[in-house]
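Here's the structure we're looking at; comments come further down.
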Amino acid sequence: MPHRSITVSGVEITPLCDAVGPMGAAIGRPLTEMFAGSGLRDEPWVLHFHCYLLRDAAGRLTLVDTGVGAADSPAASWAPVPGTLAGELAAVGVAPADVGTVILTHLHSDHASGAVADGRPAFENARHVVQRAELEAAAGPMLDDVVSVIKGQLHAVEGDAEVAPGVHVHLAPGHTPGHQIVRAGEVAMTGDLVLHPVQLADPAIPYLYDDDPEAAARTRAEVLARLRAERAVLATAHFGEPFTAL
Ligand SMILES: [Zn+2]
Ligand SMILES: [Zn+2]
């Protein structure tokens with residue numbers, strides 16, 4: 001079921017719970033290896049996979065991330081597929097064709113695979129906002145099975161941009177080259193800027209699958225400091241609870 005929604009600065013934000021589960025054997029590791037030096041216990045990591053539906057004051061819909069995708073998606077080797085995003089949207093009365101904008105925080109398979117269903121764009125009427133640096137780095141199944149399928153709907157941005165009234169994206173590289181976060185009012189949808197709450201206390205704790213660990217840690221520290229100064233609320237992809245007050 002969708003988690004409870006909140007409204008900030010005229011934008012209603014509804015967390016959609018696409019999937020819950022541990023990573024599969026292909027890339028799953030104990031928490032101690034995922035977050036080296038964190039002091040976390042040596043146990044499996046159970047993740048939520050959250051997307052966020054934004055409804056602006058004019059009623060237009062923006063979806064942040066598209067989840068793990070279908071049973072045969074690029075995430076199938078490691079994530080708890082199939083994702084339930086379509087059902088989550090239906091539960092709040094939204095059809096995929098109603099979504100006008102999709103923002104992809106980055107092109108990892110658990111965030112972008114749900115942009116495609118049965119080899120076709122899942123959100124037929126949506127432009128898909130992605131950082132140019134992320135598109136330029138796309139490769140493998142994410143390029144062949146996702147980016148190529150939605151290429152007619154891609155909207156590349158560089159750096160900061162307002163993509164809907166009151167909805168902004170900001171480049172936050174390191175986890176991937178063109179990773180971006182999304183702001184609406186005091187809420188920041190942070191993609192994979194932080195993967196586990198332990199990184200809020202210490203942004204220097206690395207995540208095993210950050211592309212560029214040093215850049216990721218630097219970005220994490222800078223962005224979290226800024227958000228903390230603004231008393232922002234985080235809307236994370238993978239924490240158990242979607243909203244986290246800083
Ligand atoms: Zn959840
Ligand atoms: Zn990622």
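The values are calculated or read from the model by the stated rules, or taken from the named source; none is laboratory data. Please read these numbers as outputs of a predicted model, since none were measured by experiment. A quick note on method: Cβ atoms are made from the backbone with ideal geometry, for glycine too, and the neighbour counts reach across all protein chains shown. Please note that ligands, DNA and RNA were not included when accessible areas were found on the heavy atoms of the full protein model with its side chains. Shrake-Rupley method; radii C 1.70, N 1.55, O 1.52, S 1.80 Å.
Rg and Dmax of the chain, based on Cα coordinates, read 16.4, 48 Å. Projected onto its three principal axes, the C-alpha set of the range 113-246 covers 41, 34, 28 Å, listed from the longest axis down. Please state, as a whole number in µm²/s, the translational diffusion coefficient that the Stokes-Einstein equation yields for the range 1-103 at 4 °C and 1.567 mPa s, with Rh defined as the Kirkwood radius across alpha carbon pairs. Result for D is 86 µm²/s. Under the rule a/c < 1.5 gives rounded, and otherwise a/b versus b/c splits prolate from oblate, where does the range 83-142 land using the Cα gyration tensor? In terms of gyration-tensor shape, prolate.
Place +1 on the Cβ of every Lys and Arg and -1 on the Cβ of every Asp and Glu in the chain, take the dipole about the Cα centre, and give the residue among GLN153, ALA112, ALA95 whose Cα lies farthest towards its positive end. Going by the Cα projections, it comes out as ALA95.
Only helical runs count toward this figure. For the chain, summing -39,500 (n - 2.57) over DSSP H runs of n ≥ 4 and dividing by all residues gives -4500 deg cm²/dmol at 222 nm.
Would you work out if the range 142-195 is rounded, prolate or oblate? Take a ≥ b ≥ c from the square roots of the eigenvalues of the alpha-carbon gyration tensor; rounded if a/c is under 1.5, else prolate when a/b is larger than b/c, oblate otherwise.
Details: a/c = 2.21, a/b = 1.38, b/c = 1.60.
It comes out oblate by the Cα gyration axes.
Computed from label points 7 Å out along Cα-Cβ, the spacing between GLU136 and ARG218 is 1.7 nm.
With the Cα gyration tensor of the range 54-153 giving a ≥ b ≥ c as the square roots of its eigenvalues, does the rule (a/c under 1.5 for rounded; else a/b larger than b/c for prolate; else oblate) give rounded, prolate or oblate? Because a/c hits 1.5 or more and a/b fails to exceed b/c, the range 54-153 counts as oblate.
How many Å² of accessible area per residue for the chain, probe 1.4 Å? With all protein chains present, the chain gives 42 Å² per residue.
Multiplying the residue separation of PHE243 and ALA26 by 0.36 nm and subtracting their alpha-carbon distance yields 75.2 nm.
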